[in-house]
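Below is one structure; the comments refer to it alone.
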Amino acid sequence: MRSEPKFITNEPAVLFGKTLVIADLHIGVEYELYKNGIRIPKQTEKLLSRIKNLIKVTKANKLILLGDLKHFIPYLSIQEMREMPKFLEELSKLVKVDIVPGNHDGDLKKFLPAHVEFHETAGFLDSNVYFNHGHSWPKTDVLKAEFLVIGHLHPCIEFRDKLGFRFIEQAWIRLNLSKKRLTGHYKSPEMNHKVKDLKIIIIPAFNRFVGGRPFGPTEKSNAPVIRMADRKSAEAYMLDGTDAGKLMRFWK
């Protein structure tokens, strides 16, 4: 069954049918902040509570964690080793849990509950949606998809006034990528001719303490597929549901 994305108001999460998708939890980021002189309470229980509430509200039966569950690189910190198994066990009692590893998720697999599904770094295709953290190339199955959903970039939009005041807000970003161009990258004749462009959706970071940066027009992205995308097609949607329209108007 083909699915369309539904952004969840006031939360950086997206729903495809009964599948809830979030990215960039960065469990354990508190320790890095502490080392830099910033003290905040542990966030793991709060993150878990927010996700449980989303599952309840959306009536989701599947949860896809789209990479960077943990923060410490390259291994797990003591906090992560202690908290991650319990965190995932609690979620798996409510829904089926799938994980697509991100660039922060080294050594994570060995600590997962047995019934949590751990995919390869390239991600996977589910119906008309391909799920990938964003730091690596998807498999050629992405050519069969209508939507490519990634995290990794912690997208925001920046507002400025004439006096120089500015503020930054988390936002979903949606933009297009020509499948013909993507097919050229894979050097494969396989294409879905029914869909002209691949629609890319970039999810904001679920953990509010990891920050973000405005999605810009020219800088080299550390998400490979974004380098091939049509940035002029980019549209932004704020977490409160506001359609901010084309991002081009923020780039002047």
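Values in this text are rule-based calculations from the coordinates and carry no lab data. Note that the coordinates shown come from a computational prediction; the quantities given were computed from them, not determined experimentally. Because the Cβ atoms are built from the backbone with ideal geometry, glycine has one as well, and the counts that use them run over all protein chains shown.
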Have a look at LEU148, ALA171, THR183 and report the one farthest towards the positive end of the charge dipole of the range 137-192, computed about the Cα centre with Cβ charges (Lys/Arg +1, Asp/Glu -1). THR183
Label model pair LEU94, SER233: point-to-point distance (7 angstrom along the Cα→beta-carbon line) in nm is 3.5 nm
Residue-averaged 222 nm ellipticity for the chain, from DSSP H runs of 4+ at -39500 (n - 2.57), nearest 500: -5500 deg cm²/dmol
Length gained, HIS119-PHE159, 0.36 nm per residue minus C-alpha separation, equals 10.7 nm
Per residue Cα convex hull volume in Å³ - calculated over the chain: 137 Å³
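When only DSSP loop residues count, what GluC sites (Glu not before Pro) in the range 105-198 have their Cβ near at most 15 other Cβ atoms within 10 Å?
Counting only loop positions with at most 15 other Cβ atoms within 10 Å, the GluC sites (Glu not before Pro) in the range 105-198 are GLU120, GLU190.
Between rounded, prolate and oblate, where does the range 51-138 land on the alpha carbon gyration tensor, with a ≥ b ≥ c its root eigenvalues, rounded for a/c under 1.5, else prolate if a/b exceeds b/c?
Oblate, because a/c is 1.5 or more while a/b does not exceed b/c.
Give the range of the longest stretch in the chain that excludes all chymotrypsin sites (Phe, Trp or Tyr not before Pro) found in loop regions by DSSP and having at most 15 other beta-carbon atoms within 10 Å.
Here the longest run is 76-164.
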Using only the Cα atoms of the range 106-227, build the gyration tensor, take square roots of its eigenvalues as a ≥ b ≥ c, and label the shape rounded, prolate or oblate: rounded if a/c is under 1.5, else prolate if a/b is larger than b/c, else oblate. oblate
Considering only DSSP beta bridges where both residues belong to the chain, give the percentage that are antiparallel (nearest 5). 60 percent
Name the residues whose placed amide hydrogens come within less than 5 Å of the amide hydrogen of GLY17, ignoring near sequence neighbours (fewer than 5 apart) on the same chain. GLU4
Most exposed first by the Cβ proxy, i.e. fewest other Cβ within 10 Å, how do HIS154, HIS104 rank? HIS154, HIS104
Assuming R0 = 22 Å, can you tell me the calculated FRET efficiency for the pair ARG213 and SER49, based on Cβ-Cβ distance, to the nearest 0.05? 0.20
Based on Cβ point charges of +1 for Lys and Arg and -1 for Asp and Glu, what charge dipole magnitude is obtained for the range 5-250 about its Cα centre, in debye rounded to the nearest 20? 500 debye
Which residues qualify? For PHE124, with a placed amide H closer than 5 Å and at least 5 residues away or on another chain, they are PHE131
